[in-house]
Amino acid sequence: MDAAGVGKIITISQALFEGMTPRNWSDCLEQHGDGPYPGGCLCLKDADCKSRSCYVSPGPGPNKTKHRCATERVEGVTSLDILYSDFHDKIMEIMKSSDANSTRSCSSTSTYTCPNGEPGCRTRCYLFDTSANMIVDPDFTLVKDIEVSKYSGVTMGKKEGEIMRELIFKHGFFIRKDSVEFQGTCSIAGGQRVSLEGLPKNPEEQDNYYKTKGPIPKFSNDYGCIQDLVSFSVNRSALGPSGMITGNVTGPCMQGFYYVTALPRTNLFLLVIENWKNVQQSNFFNFNCRITQKIVNAGAYRIINGTCADEAESTVTLSEQNKCPQLTNIEIPCDYQTASTHTLSLLISTSLTFFYILYHFIM
């Protein structure tokens, strides 16, 4: 949600580079060999350039009609905020089938007959980035703005665990990375931060709250903790010469035939699943589906007593290395646990006096 409280938005940004430097291809090869190349040199992809930007520029110089590297000097950055609903509709419009009546189009919500003759199959289309974060998902437009966890930070593993598992272990498309965050943030309980009216505060309401919140500090749901960070990065070479990964999966969450390919000049990838059918709800609580999604899901997990990634430096125990502290036997004297004769006689005298007064008071 943006600062004005208008709803879910997508921010598209683009760096503005300095004017194109005229360079001959022979000079680029002679001075920089196999690359990466400076601004003005010919390129095929962003990775060929030092600026990581390869595009067709109308700037002067040779090869002006071909892709050339942008200069390394950035003059500014421009951005555009788009409502997520508008962004999603435009993306789905682009991916619409040429046959307007086709039920297999990405934008179609209709179902069709599965290859095995069962009803209920459909085509699902997603866009995800190089960190396996879902950017475009048809379900994002169906959730409320206050349900942030259902559209922000949703990963490929959480959404399509079976396909994520194949992309990691079978195709090597995703590479897992584990690290430890010693300044992590954990939450006491889940749920959305809502006001007493049940809706999140907009900036004006937050300002008024801070002015009149009183001397008692508000409850904090977050606290510092040590976390195990699980993240993923893309191995583009796994796409192969065809530039596409295909496969067929059947698991505890879903079944279908999938295609994965890169979108040119972006850090996004397109995932199309044909004959997709949700089998997650076949059981009251599908434990197998839950486990499948969790083992390939990125995120931060609290470390309590170490992690499975910890490796012991030695197989010898501390006791065998004589590093354990010596134990000292302490004997407690009995005189600390007995009462003296004077204390005992005083206690009996006090008790008799109390009962004598109580007897005459009742009589």
> If you scan the stretch 160-186, which residues turn out to be under 18 Å from Gln293 (Cβ atoms) and open to solvent by less than 30 Å² (accessible area, probe 1.4 Å)?
Replying inline: Glu160, Gly161, Glu162, Ile163, Met164, Leu167, Ile168, Phe173, Phe174
> When the stretch 14-27 is examined, which residues are found to be assigned to a loop (DSSP other than H, G, I, E, B), open to solvent by 30 Å² or more (accessible area, probe 1.4 Å) and either modelled with pLDDT under 80 or at positive phi (or both)?
Replying inline: Glu18, Gly19, Thr21
>> Contact list please: Cβ distance under 7 Å, first residue in the stretch 127-152 and in a strand (DSSP E or B), second residue modelled with pLDDT of 90 or more and hydroxyl-bearing (Ser, Thr, Tyr), pairs at least six apart or on different chains.
In response: Asn133/Thr155; Met134/Tyr126; Met134/Thr155; Val136/Tyr126
> For the subset of the stretch 74-90 comprising residues that are surrounded by fewer than 12 Cβ atoms within 10 Å (Cβ to Cβ) and in contact with a strand residue (DSSP E or B) (Cβ under 7 Å, 6 or more places away or on another chain), which member is farthest from His32 (Cα to Cα)?
Replying inline: Leu80
>> Tally up the residues in the stretch 28-60 that are surrounded by 13 or more Cβ atoms within 10 Å (Cβ to Cβ) and not in a strand (DSSP E or B), please.
In response: 19
> Out of the stretch 30-65, which residues are hydrophobic (A, V, I, L, M, F, W, C) and either in contact with a Pro (Cβ under 8 Å, 6 or more places away or on another chain) or under 20 Å from Asn267 (Cβ atoms) (or both)?
Replying inline: Cys43, Leu44, Ala47, Cys49, Cys54, Val56
>> So if I check each of Thr11, Thr123, which one is of a type in the set (Ser, Thr, Tyr) and either over 30 Å from Tyr151 (Cα atoms) or open to solvent by less than 30 Å² (accessible area, probe 1.4 Å) (or both)?
In response: Thr123
> Being open to solvent by less than 40 Å² (accessible area, probe 1.4 Å), within 22 Å of Asn275 (Cα to Cα) and in contact with a Gly (Cβ under 8 Å, 6 or more places away or on another chain), is that true of even one residue in the stretch 99-120?
Replying inline: yes
>> Can you tell me how many residues within the stretch 219-246 are hydrophobic (A, V, I, L, M, F, W, C) and closer than 23 Å to Val154 by Cα?
In response: 7
> For the stretch 221-264, which residues satisfy the criterion of being of a type in the set (Gly, Ala, Ser) and assigned to a loop (DSSP other than H, G, I, E, B)?
Replying inline: Gly240, Ser242, Gly243, Gly251
> What residue, among those in the stretch 247-261 that are modelled with pLDDT of 90 or more and open to solvent by less than 30 Å² (accessible area, probe 1.4 Å), is nearest to Arg122 (Cα to Cα)?
Replying inline: Gly256
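The values are calculated or read from the model by the stated rules, or taken from the named source; none is laboratory data. Nothing here was measured: the structure is a model prediction, and the numbers come from that model. Because the Cβ atoms are built from the backbone with ideal geometry, glycine has one as well, and the counts that use them run over all protein chains shown. We work out accessible area using only protein heavy atoms, side chains counted, and drop any ligands, DNA or RNA first. Shrake-Rupley method; radii C 1.70, N 1.55, O 1.52, S 1.80 Å.
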